């Protein structure tokens, strides 16, 4: 699972939680450029991407690249559920921060189901 997250502590927490769920974490990527590079060089099945990176960069180009490759993804954000309204990814799954382990686990199952459906 590709993790795109710019907050180091959140990224570490995500890595630990995802490892507990049996996921192999790629990243974390802390910028769009790093995420796109990983997308081109690493085998990925799903991704979790923070909407806003570094306070000034939106991760929509990463979502665009994932969509083109048919890789299921979800957004994570602390900016509320309306953050994607008006974007081409408004219907993507959204994990609102702060989230629980159970919410993350449910999202991983949802994304994993989409991966199997694409196979």
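Okay, here's what the table says:
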{"read-out": "Check on residue 44, in a loop (DSSP other than H, G, I, E, B), buried (at least 17 other Cβ atoms within 10 Å of the Cβ) and touching a strand residue (DSSP E or B) at 6+ places or on another chain (Cβ under 9 Å)", "value": "yes"}
{"read-out": "Any hit, region 109-118, residues being touching a strand residue (DSSP E or B) at 6+ places or on another chain (Cβ under 8 Å), farther than 18 Å from residue 8 by Cα and surrounded by fewer than 17 Cβ atoms within 10 Å (Cβ to Cβ)", "value": "yes"}
{"read-out": "Count of residues meeting criterion [surrounded by 11 or more Cβ atoms within 10 Å (Cβ to Cβ) and within 15 Å of residue 10 (Cα to Cα)] in region 80-100", "value": "4"}
{"read-out": "Out of 48, 53, 39, 60, sole residue that is farther than 15 Å from residue 3 by Cβ and touching a residue at least 24 places away in the same chain (Cβ under 8 Å)", "value": "60"}
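Since every read-out is calculated from the coordinates, none of them should be taken as a lab result. All values derive from a computational prediction rather than experimental measurement. With ideal geometry, Cβ positions are generated from the backbone for all residues, glycine too; neighbour counts draw on all protein chains shown.
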